[in-house]
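Below you'll find the structure, written out as C-alpha cells, and then a few comments.
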Amino acid sequence: MEEMGARALEQGIPLSVHLDLTYRCNERCVHCYLDHDDHGEMTTAEILRVLDEVAEAGTFFLTLSGGEIFMRRDFFEILAHARKRMFAVKLKTNAVMVTRARAERIARLGVESVQVSLYSHRAEAHDAITKLPGSFRRTIEGVKRLREQGIKVSFANVLMKGNEDDYGHVRALAREMGAGFTIDPMITPMMDGDRGVLALNVDPERLSAIFRDESLTEGAPRFSPTPAGPAPEEDAAQMLPCSAGHTLAYISPYGEVFPCVQFPYPCGNVRRQRFADIWKDSAQLAEVRSVRLADVEGCSTCVHGASCSRCPGLAYVEGNFRGPSIQDCERSYAITGVASENLKRKKRVIWLAAAAA
Amino acid sequence: MTRYIARSPDVAARTIGGELMIMSGRDSSLFSLNETAAALWEAADGATPLAGIVDRAICARFDVAREEALADAEALAEDLARHGILVVSEAPIPR
C-alpha cells in the first residue's frame, strides 16, 4: 500500500477520492459539520460522468459518503457504476436504512468495506446524539444485515461530551459483531468555519486519559507520551503536511473540489471543468502542494514537530493553512502534557490581552 | 483439458504508473501484476480458452515459447484464482 501511495505521489495521481453524494441526512447529529439542506446536488448523470473522469485520472480508492448515502434514490445506480469502473469502494453510512435487500445488493456489488457511525452501546445515548429516536436499534440491525452478507464493517466512534465513557463498550460490541472499530476523540468545526460545535469536545483531562488508554491498542502505547522533538531541518524541508491535494481529493454533492473533506479550500468545480483539469491545473491545489513542514510558522521548530498530526484543513479553517492548527496543538498537549510553541504563544497573547484589559 | 478464465467481479483494479494494481475482494489484499500477468488479466473474458489467450495476448506480444508461456499462464491463473482475482473453469464463464 505504501509503495502504491509513493508511486501515486510521484506521478501526481489522485489515488483516493472522497465523494459526498448528498448532505441530506435522516439524522441530526449534534456535532455534525454539515448544512443538510439540498442546495442543488449533482444529478445522476453528472455523478456518473464525474466517476468516469475520476477513474480516468487514476483513482483507485473511492469513498461514497454524505450526509446519508441512502437519501439518494439513485444510490445503487451510482454504486453499480463505480464498481463497473473498478474502484475499491468504501461506504460511509449510519446503516439506519440498510434493509436485507440493500445489504445483499451491496455484497453483490463487491464493496470493499462499510463504515458505520455508532456513538454508544447505550440506545439512549446514541439516539440523544443522532436526534433520531430508534436510530441505535436500526443501526445495529443494519450492521447485522451487512455482516450476514460477509461485508467488512467498521464502527466509527466519535467522542464528545455525553458519550466519552462509552468507547470501551462500543469496541466490545464491535468485536461481538465481527466489526472493526475506530475512535475519533475530537470534534471538528463546521464546513462554513462555525466553531460552535467545538464546545462538545470532551474536557482536556478526559481527552488526555483517552489518548493514554493503552487498552485501545491492546497494551501497546497508542501515542508516545513524550514529544518526538522538532523534525530535522532537512526532513522539514521535504515533509508534506498530509496527502490532502497530493494523492487525495474531496468532491462535494455540488461538484466542488477540495483537497480533503476536512479542508474546505475551493479548488474548482466538476460541473464547469473536467476533474483531471482541476487536479492538474488548479492554482489553489498548486498552492496546497507547495507547503512543506519547514514553511509552517512555529511548527518546524516545535518540540512536537516530528510527531504532530497537524491537519492543514483545520489550520485553514482557523485562518491560515500555512500556519499551525491550534486544535492539533491541543491534541499534542493532551497526549504529552507538553505545550507546543504555538499553544505557548497563544496563551501569551491571551495573557497579554487580559493584562492590557 | 480446455480452461477458461474470467476476471472476478469482486476486485478493484487500476493501472497506476504503468503497473496494474488489483485489490482482492476476498480479503482486500493488494497485488501488483507485471506486464504479462496484466495482459492475461485484461484478456480474461470467460469466453476465450486460456490457450487462445496465451496465443493472442502473450505469444503475439512477448518473446516467449508457446509451451512455456502456456505452463506459466496456467500456474499464474491458478494463483490468481486462489486470491479471488480470477475465476478458472473448464467451461466458458457467463458474464
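Taken together, the values in this text are just the output of simple stated rules run on the coordinates, not laboratory data. Note that the structure is a prediction, hence the values are computed from the model and not measured. Positions of Cβ are generated from backbone atoms using ideal geometry, with glycine treated the same way; all protein chains shown enter the neighbour counts.
The Cα atoms of the stretch A:201-327 give a gyration tensor whose axes a ≥ b ≥ c have a/c of 1.5 or more with a/b greater than b/c, which makes the shape prolate. Only helices enter the 222 nm calculation for chain B: every DSSP H run of n ≥ 4 contributes -39,500 (n - 2.57), and dividing by all residues gives -9500 deg cm²/dmol, rounded to 500. What shape does the protein assembly as shown take by its C-alpha gyration tensor, where a ≥ b ≥ c are the square roots of the eigenvalues and a/c under 1.5 counts as rounded, a/b above b/c as prolate, and the rest as oblate? Taking the square roots of the gyration eigenvalues as a ≥ b ≥ c, the protein assembly as shown is prolate.
In the stretch A:246-279, which residues have a backbone nitrogen under 13 Å from the label point lying 7 Å from A:E287's Cα in the Cα-to-Cβ direction? Correct set: A:259, A:264-268.
Within chain A, A:C25, A:C242, A:C260, A:C267, A:C299, A:C302, A:C308, A:C311, A:C329 have no other Cys Cβ under 4.7 Å of their Cβ and so lack a disulfide-compatible partner by this rule.
The simple spin-label model puts a point 7 Å past each Cα toward its Cβ; for A:R272 and B:I93 those points are separated by 4.6 nm. Each peptide among A:88-96, A:267-275 gets the average number of other Cβ atoms lying within 10 Å of its residues, and from highest to lowest they stand as A:88-96, A:267-275. Spacing of the modelled spin labels on A:D235 and B:R66, each 7 Å from Cα toward Cβ, amounts to 5.8 nm. Look at the dipole of the protein assembly as shown built from charges on Cβ: of B:P49, B:A60, A:A199, the Cα furthest out on the positive end belongs to A:A199. Over chain A, DSSP H runs of length four or greater, each weighted -39,500 (n - 2.57), average out per residue to a 222 nm ellipticity of -11000 deg cm²/dmol. A simple spin-label model places the labels of A:R195 and A:M1 3.3 nm from each other, with each point 7 Å out along Cα-to-Cβ. Set the Förster radius R0 to 51 Å, insert the Cβ-Cβ distance between B:T2 and A:T99 as r into 1/(1 + (r/R0)^6), and round the FRET efficiency to 0.05. The formula returns an efficiency of 0.75 here. Residue-normalised convex hull volume from the C-alpha trace of the stretch B:8-83: 82 Å³ per residue.
Put in line by how crowded their Cβ is, counting other Cβ atoms within 10 Å and starting with the fewest, A:Y265, A:Y167 read A:Y265, A:Y167.
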